[in-house]
Amino acid sequence: MIGTYAAVLAICAASLAVGQAAIALCGARRWSWLAPGVGLALLCASCWGTVRLPGHGAASAVLVLLLTAAAVAYLWRRLEGREEALRIGVPVALVALAAAALPFLAEGHFGILGTGFNPDMSQHLLATSRLAEGQGSQLLHQGYPLGPHAIVVALHKGLGIGLVPAFTGLTVAVAVLASLTALTAFRDQPPALRIPASLVVGLAYMAASYFAQGAFKETMQALYFLAFVLALRESTHNPGWRQLPLRFAPAALLAVGSVYTYSFPGLIWMLGTAGIWLLVEALRARPSGWRFPPPRAGGAVGGTAPEDALATGGGGGSPAATGPAGWGLGPSPARALGLGLLLFAVLIAPEIGRMIDFHAFETFDPNGPGLGNLFGQISPFEALGIWPSGDFRLAPGDGAVPAFGYFLGAAFAAILLVYGAFLAWLRRETAILAGLAAAALAYAAARAGGTPYTAAKAVEVAAPIAALVIVLPLLRRPVAWLYLLAAAGCSLLALANAPVGPSSYSSALTGFRADVGEGPTLVLASRQLLTDEQGTPYIAWELRGGRVCIAAANEAGSQPPPGTRYVVTESPRPPFPDLRRLRGGGPYVLWRVAKPAPGHSPCPLVAVRQARQGAPR
């Protein structure tokens, strides 16, 4: 527990400080809740850029410490709005932290999140442990994005935190940072509205569901996408940003973080949103083109409109008539966009070769069922936040709630989404609507040309934006509170249902694969590891490619199953006669059966192809 929350504190503190310093260097003087996402993106890029230097992560830890210290020193007495940010940010962070603790409270211990749903963390831990030792790995050679893994290595080398609590801390920190990022959209709302709205957006049902299975990369991508959309919105809606030549730099930095976390697929959402948004803004600027209807008196969202202050001298012009071309992008939009693109290109240049290698990654193969850990296609309505199931993979009616409950919640949320999108259109929320459109197109492409596994990820990334479109325009209306309560209940249900696996990890079993080949192999482990910590899928994953039996050590009997050639134990004593010790590794010992019992092995085949369908993305 101490290691997990030490990692959470370190990541959140560094992300907030470094992100806000980067935004301040762009010219913004007031605190921005885009800082969490921007800071995390910079941590990914900087840690990955230094993790392979001598020391294997020590340089990354030192760099993060120096960046954080420099950021605090730079912001000291320069930053405006610190007290207000603390008043609103601390409650959001504490509630998000409490919500993220539900899986551990329900299971009664800390450990690897989601082992009963997904064994992918075993591969992430293996790649990270080899990265920390200066060794190569399959993921490294295939161009797999390892920015988050580099952050874990920096925590491991800098603070002495174990890999499992460091990864768990990163996953929890992302949930907190996402909720804080959502505060950007509700800047002008009273705290009683801002806090629940931000939590529901940041911890939307699908984001909570992916958190529950330990899928940190998908939740990070959802965070970057949400922050990217809000960064575009700030460039036109925030009076303090509209005149800045570097007003698009935060969006560029968020796209950089997406590259180092999700490689080139992460840019699908970013480029789609930017393209749609620029097209809409260009059409608005045409003299003969269409125009938005005039905003209602009193402002756009919730009765206040910071963009309207521009028309009264707060920023130099109305949203629809700013800059030499009349765009709503502020003065010199081409220059500002060019600077953002240049910053993006420079920072991702070292990763281009790995991005090219990643296009051939095995889980992109559209052949085969492509289900991964799913049971089939999931409903896109899950992105709307009301889905009363602790397991997002289940079809309506397969859980405790009748199918009618799912359909009723989905219909209610869908109606609110359409109404919210209409109000957002009237209120010139072009960036948010562009994000929603890009997310819908990404899902359609994944559904048509991908696999259920990739389509589910598209639903997860879209979820915070869908919740934002529902909540933001309707927040001061009673119907919004009904949605907030229902959506919050579904997210908490997903979090409380999260399985928590082993509190430690060893890659020794993977090292045994070359010795045991196709086996058959019997693994004897403690009852606690197999049941309480749900280690069975981890053992099967690490020994994939052969026939594997897994049993509790105290239930082994007097002989191994027929045909068994190898036995793996946690005890240094042989559990059966006629065993020959081959070697040890970590907590395990590998034995060879001198005379295998005749007969067909009952051990199931853990196929490599089957494992690849659930390989980490």
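FYI, it's all coordinate maths here, none of it is from the lab. Since this is a predicted model, take the numbers as computed values, not measurements. Here the Cβ positions follow ideal geometry from the backbone for every residue, glycine too, while neighbour counts run over all protein chains shown.
For this structure, a couple of remarks:
- Relative contact order [Cα under 8 Å, 6+ residues apart], the range 508-613, whole percent: 33
- For Rg and Dmax of the Cα atoms in Å, computed directly from the structure shown, the correct entry in (1) 25.4, 90; (2) 46.8, 152; (3) 24.1, 78 is (1).
- On Cα atoms only, tilt of 267-285 relative to the major axis of the chain in degrees: 10
- The calculated FRET efficiency for Phe412 paired with Asp515, based on their beta-carbon distance and R0 = 60 Å, is about 0.60.
- The range 477-497 versus the range 41-91: alpha-carbon centroid distance in Å: 33
- Helix 249-262 vs. the chain, principal-axis angle (Cα, 0 to 90°, nearest 10): 20
- Most positive-pole-ward Cα, Phe392, Trp481, Ala496, against dipole of the range 377-523 from beta carbon charges: Trp481
- Here the peptides 202-208, 540-546, 597-603 are ranked by packing, the mean other Cβ count within 10 Å, and the order with the highest first is 202-208, 540-546, 597-603.
- On Cα atoms only, tilt of 216-237 relative to the major axis of the chain in degrees: 10
- Over the chain: helical MRE at 222 nm, DSSP H runs n ≥ 4 each giving -39500 (n - 2.57), nearest 500: -18000 deg cm²/dmol
- Ordering Gly134, Tyr566, Met121 by the projection of their Cα atoms onto the charge dipole of the chain, which places +1 on the Cβ of Lys and Arg and -1 on the Cβ of Asp and Glu, puts Gly134 at the extreme positive end.
- The lysines within cross-link reach of Lys217, meaning a Cα-to-Cα straight distance under 19 Å and a gap of 8 or more places when in the same chain, are Lys457.
- Dipole axis of the chain (+1 Lys, Arg; -1 Asp, Glu on Cβ), positive-most option in Leu337, Ala6, Met220: Leu337
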